[in-house]
Amino acid sequence: MSRLAIGLGVAAVAAAATAFVLTMPKPVQSARLETISGLEGDPVAGEAVFWAGGCASCHAAPGAEGDALKVLSGGVRLKSDFGTFIGPNISPDPEHGIGGWSVADFANAMLAGVSPDGGHYYPAFPYGSYARMSDKDIADLFAFLKTLPASATASLPHELGFPFNIRRTLGGWKLLFFSDQPRVALASDDPALVRGQYLVEGPGHCGECHTPRNALGGFKTDAWLAGAKNPEGEGVIPNLTPGGKSIGSWSAADIAYYLESGFTPDFDSVGGSMVDVQKNMAHLPGSDREAIAAYLKALPDRPDGWK
Amino acid sequence: MIIRTLIAATLIGAAGLAPALAADEPQVVRQDLMKKNGKDLGVLVKMVKGEAPFDAAQAQAALTEIHGVASEFGAYFPEGSETGFDTEAAPAIWSDRAGFDKAVAQFEADAKTAMDAAPADLDALKAVFGPLTKNCGACHETYRLKNS
């Protein structure tokens, strides 16, 4: 065997080993998991996190309303450029849901996109946003989820083509795009703005639809909340920045009222997939909706992200 | 020959004028109806929120006009009006006509209930306002697409 072939062979093995290490699922640091495990979760506070996080929009049965939104049997189909994701059962059922999980398992899922068996979750589950959530919110939300009814509906597999059906590739995606850092630098540390940033960039995961993505499904970071093509088909997801045509002319009070009532300043109504989001937001305290509005008004202007 | 050219020129000219008659296009009519609806809802919302004093006559005029819009609205989605004039109508209107017709019938029924209730004070208005508006989003969820 020539020296060149040996050299190439060694390089290939080294590259494969590097790729293997780089794409390994990385759970939350053990010290943080210990902290979270030591917290006493408050299910009442957790319900507010549940609505802020929009859990029911993907994890309740399709078309669920009212109390049925709290039966997290899964089944909602989320179309994307990579295939169709199907929200899994996250009810407290020990077999089909997350009844057998510890709060550390839950924290790994929410904050690192890592499953209890050590695999990657697809970022259709928006852990890229949830990664910003506080220890307390994670513990409270988990405590709330445990109070909900169990459902024995089996989760369905996602419908994805090659290579997106290889979960290990998500290690590369995380390497390129996963971040728990702020999406924008705010000019002020006004508590309402800070709270708004937390809600929008963290549990609210607004950027998941309102920010355009590149070909690999990562955010275009210079177009935060600038609006995007509708991944589910025709039409667009509006631009939320203050200079955009979509809601640029709205006052902070208009935005807060829209999130509360579903009415725009022209008394048009909320539509599309925002209908469910708005219903979730209506459950939040008014101060949280005002904080979201304050943050959106403080965003840097961006041209429409779908153009 | 000259006559034929003249006729052709006239026809082309008429075709060219068509956009000037945009106000009659169903896409435009239905948009104007919804704008009128929004204006009337605004009158009611301001009263419900306490930003304007309750006025029974104004409220009834708004409710009557909303019912008028609801009765007329469904007629302006003929085949061929799927696109154009910045329409935000979703393809689902035509692919799921029965579902759309049912949603419009619900709108008409909700509007009639509110109009017939003829609220005489603010509490009565508040009582009809919720049921009147609860289906706006449900219909827009499926049958409207945002373009901007």
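Round to a whole angstrom and tell me the spacing of the C-alpha centers of region A:185-219 and region B:62-132. So the two Cα centres are separated by 35 Å. The H on the amide N of A:Val114, modeled in the peptide plane, is under 5 Å from the matching H of A:Ala109, A:Tyr121, each at least 5 residues off or on a different chain.
Classify region A:1-66 from the C-alpha gyration tensor, please: rounded if a/c falls under 1.5, else prolate or oblate depending on whether a/b exceeds b/c. The shape class here is oblate. Result for chain A in a Gaussian network model with C-alpha springs under 10 Å: among A:Val277, A:Val194, A:Val114, the largest mean-square fluctuation is at A:Val194.
Here is the interface size for A with B: some 1500 Å² of accessible area buried, both sides summed, with a 1.4 Å probe. Once you order the gyration tensor axes a ≥ b ≥ c over the Cα atoms, which shape class does region A:94-169 get: rounded for a/c under 1.5, otherwise prolate or oblate by comparing a/b with b/c? Taking the square roots of the gyration eigenvalues as a ≥ b ≥ c, region A:94-169 is oblate. For chain A, the relative contact order works out to 18 percent when only alpha carbon pairs closer than 8 Å and six or more residues apart are counted. On a straight-distance basis, which aspartates and glutamates could pair with A:Lys220 in a cross-link, Cα separation under 17 angstrom, same-chain partners fewer than 8 positions away excluded? Within the straight-line limit of under 17 Å, A:Lys220 reaches these aspartates and glutamates: A:Asp81, A:Asp180, A:Glu201, A:Glu208, A:Asp301, A:Asp304.
Calculate how steeply helix B:97-117 sits against the longest principal axis of the alpha-carbon atoms of chain B, using the helix alpha-carbon long axis, and give the answer as 0 to 90 degrees to the nearest 10. Helix B:97-117 and the main axis of chain B meet at about 40 degrees.
Per-peptide packing, taken as the mean over residues of other Cβ atoms within 10 Å, places A:123-136, A:35-48, A:198-211 in the sequence A:198-211, A:123-136, A:35-48 from highest down.
Computed in the context of the full set of protein chains, the accessible area of region A:60-178 at 1.4 Å probe radius has 60% of its extent on carbon or sulfur.
Which of the lysines could be linked to B:Lys36 by a straight reach, that is with a Cα gap under 16 Å, when you skip same-chain ones fewer than 8 residues away? Once the sequence-local lysines are set aside, what remains near B:Lys36 is B:Lys46. Taking every Cα-Cα distance in the protein assembly as shown and sorting them into 20 Å bins from zero, the calculated P(r) comes out as 21, 49, 23, 6, 1 percent. Scanning chain A for DSSP H helices at least 24 Å long along the axis (C-alpha atoms) with a Kyte-Doolittle mean no lower than -0.5 picks out A:3-22.
With the cut-off at 29 Å, tell me which of the pairs A:Lys26/A:Lys297; A:Lys297/B:Lys102; A:Lys79/B:Lys146; A:Lys307/B:Lys49; A:Lys136/A:Lys297 have Cα atoms farther apart than that. The pairs that break the limit, which is 29 Å between Cα atoms, are A:Lys26/A:Lys297; A:Lys297/B:Lys102; A:Lys307/B:Lys49. Once the 1.4 Å probe is applied to the protein heavy atoms, region B:23-143 comes out at 50 Å² accessible per residue. What the phi angles of region B:65-80 give under the Karplus curve with 6.51, -1.76 and 1.60, with θ = phi - 60°, is a coupling list of 5, 4, 5, x, 4, 4, 6, 8, 3, x, 6, 9, 10, x, 3, x Hz, glycine and proline written as x. Percent relative contact order of region A:26-177, based on C-alpha pairs within less than 8 angstrom and at least six residues apart? Taking the mean separation of contacting Cα pairs over the length of region A:26-177, I get 32 percent. Answer rounded, prolate or oblate for region A:101-252, using the Cα gyration tensor with square roots of eigenvalues a ≥ b ≥ c: rounded when a/c is under 1.5, else prolate when a/b is larger than b/c, else oblate. Oblate.
The values are calculated or read from the model by the stated rules, or taken from the named source; none is laboratory data. Nothing here was measured: the structure is a model prediction, and the numbers come from that model. Note that each Cβ is placed from the backbone with ideal geometry, even for glycine, and that neighbours are counted across all protein chains shown. Heavy atoms of the whole protein, side chains included, go into the accessibility calculation; ligands, DNA and RNA do not. Shrake-Rupley method; radii C 1.70, N 1.55, O 1.52, S 1.80 Å.
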